[in-house]
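Note sheet for the following structure.
Since every read-out is calculated from the coordinates, none of them should be taken as a lab result. Small disclaimer: the values here were computed from a predicted structure and weren't measured. Because the Cβ atoms are built from the backbone with ideal geometry, glycine has one as well, and the counts that use them run over all protein chains shown.
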Amino acid sequence: MGSSAYSFAPGWNIDKLKPVTFIEKEDIQPFIPKRSKFGHKGTYGHALLIAGSFGKMGAAVLASKACLRSGVGLLTTQIPHLGYPIIQTAVPEAMASVDQHEYTFTEFPICRSFQQLELARGLDRNQTKKALCELLEESQVPLVIDADALNILSENKNWLEKLPENSILTPHPGEFTRLVGESANSYENIQKQLEFSKKHKVIVVLKGAFTSISTPIGKLYFNSTGNPGMATAGSGDVLTGIILGLLTQGIQPEKAAVVGVYIHGLAGDLAAQEKSQHSIIAGDIIEFLGKAFLTVETHSK
């Protein structure tokens with residue numbers, strides 16, 4: 001793994017935060033699933049993605065496309081009733097599970113059919129709370145939790161104890177602050193991230209420049225890929241879709257988070273080389289996922 005002496009800001013050295021890893025290309029290659037000559041769609045897992053609400057169906061589309069581009073065998077996307085024609089048209093490769101509610105998520109399918117589940121953005125907080133609580137109580141596998149589902153948790157912190165072990169939370173800085181409170185500086189924020197992972201036995205992907213990933217046993221990773229052009233609407237939906245796709249293929253949650261963050265950033269870097277940082281949109285990151293995977297695979301040969 002990469003060096004632990006990388007300085008991220010003047011006067012602040014991550015050597016203080018051992019054990020820490022700076023993720024580089026050669027680190028993630030062994031964890032990317034190999035495709036078997038005799039594999040079929042059942043071999044690579046069946047994921048459930050819950051996303052979308054009135055005015056936010058783009059979140060479901062982006063996360064679905066990213067999940068599929070990450071190699072998952074089957075994907076079912078749970079969407080509100082109004083989203084059915086959207087998801088079937090925009091992502092024909094995904095199966096649709098339609099909520100009884102017209103505009104948002106209020107129920108969840110029987111989860112035994114799915115290897116992994118993700119709750120993404122575009123949910124309506126008021127309508128979704130009861131269904132989210134029930135899902136947390138019923139789920140037997142790690143969840144990938146993003147955006148509006150995180151905001152619901154921040155308003156109902158007693159539910160954090162219901163999180164399945166090794167679930168992956170992917171907050172941006174504002175969402176993380178709502179979960180753990182304000183920090184005086186970056187060092188304190190990282191300490192809170194590590195403490196949160198340990199207390200709740202979850203993996204936290206704190207998005208930003210040099211995205212940090214903390215684990216329940218106190219490991220900390222910083223990512224080396226990505227660029228400011230990725231600070232654009234929908235980029236987070238793409239990331240959680242990638243992680244869901246990798247996790248469903250049987251990668252351990254910690255490795256799925258690390259590989260997903262690196263590949264997401266690398267796809268953004270490749271998009272920036274062709275389109276410029278100013279012009280990147282979330283769909284461009286999905287477009288370059290294939291090239292990102294090829295870049296890592298080629299590096300190992």
Of VAL296, THR128, PHE210, farthest towards positive along the dipole that unit charges on Lys, Arg, Asp, Glu beta carbons give the chain: VAL296
Take ARG35 and HIS81, extend 7 Å from each Cα along the Cα→Cβ direction, and tell me the distance between the two endpoints in nm. 4.0
Applying the Karplus parametrisation 6.51 cos²θ - 1.76 cosθ + 1.60 with θ = phi - 60° to the phi angles of the range 43-55, what ³J(HN,Hα) value in whole Hz is obtained for each residue in order, glycine and proline being reported as x? 5, 9, x, 10, 9, 10, 10, 10, 7, x, 7, 4, x
Test item: Cα-centred dipole of the chain, Lys/Arg +1 and Asp/Glu -1 on Cβ, debye: 560
5 angstrom amide H check on GLN78, placed H, neighbours 5+ away: LEU49, ILE50, ALA51, SER97
With a point put 7 Å past each Cα toward its Cβ, work out how far ALA231 is from GLU93 in nm, to one decimal. 3.1
Dipole of the chain, positive direction: furthest Cα of GLN252, GLY55, PRO30, with charges on the beta-carbon: PRO30
Based on the Cβ-Cβ distance of LYS129 and GLN252, what FRET efficiency does E = 1/(1 + (r/R0)^6) give at R0 = 35 Å, to the nearest 0.05? 0.70
Spelling it out for PHE210: with amide H atoms placed in the peptide plane at 1.01 Å from N, the residues 5 or more places away or on another chain with amide H under 5 Å from its amide H are none
Diffing the range 72-86: the Karplus 3J(HN,Hα) column from phi (6.51, -1.76, 1.60, θ = phi - 60°), in whole Hz with x for Gly and Pro, holds 5, x, 9, 9, 10, 10, 8, 9, x, 4, 5, x, 4, x, 5
Mind ordering 146-156, 128-138 by average Cβ neighbours within 10 Å, highest first? 146-156, 128-138
Would you mind checking the pairs LYS56/LYS129; LYS34/LYS198; LYS65/LYS199; LYS207/LYS275; LYS25/LYS65 and listing those with alpha carbons more than 28 angstrom apart? LYS34/LYS198; LYS65/LYS199
Rounded to the nearest 0.05, what FRET efficiency do LYS198 and TRP159 give with R0 = 22 Å and r taken as the Cβ-Cβ distance? Could you check? 0.75
What 222 nm value per residue comes from the helices of the chain, counting each DSSP H run with n ≥ 4 as -39,500 (n - 2.57) and dividing by all residues, nearest 500 deg cm²/dmol? -12500 deg cm²/dmol
In percent, how large is the relative contact order of the range 41-299, given Cα pairs closer than 8 Å and 6 or more residues apart? 19
I need the peptides 263-276, 243-256 ranked by packing, meaning the mean over residues of other C-beta atoms within 10 angstrom, with the highest value on top. 243-256, 263-276
Going by C-beta contacts inside 10 Å, put PHE22, PHE54, PHE38 in order with the fewest on the left. PHE38, PHE54, PHE22
Around THR21, which amide H atoms from residues at least 5 apart in sequence, or from another chain, sit under 5 Å from its own amide H, with H modelled in the peptide plane? LEU220, TYR221, PHE222
Computed ³J(HN,Hα) along the range 87-102: with the Karplus parameters 6.51/-1.76/1.60, θ = phi - 60°, integer Hz and x for glycine or proline, the list is 5, 5, 7, 6, 9, x, 6, 8, 7, 10, 10, 9, 5, 5, 7, 5
For the pair GLU137/SER183, report the inter-label distance in nm, with labels modelled 7 Å from Cα in the Cβ direction. 3.4
Cβ density ranking, 10 Å radius, fewest first, applied to TYR221, TYR44, TYR84 yields TYR84, TYR44, TYR221
I need ILE28, ILE280 ordered by Cβ neighbour count within 10 Å, fewest first. ILE28, ILE280
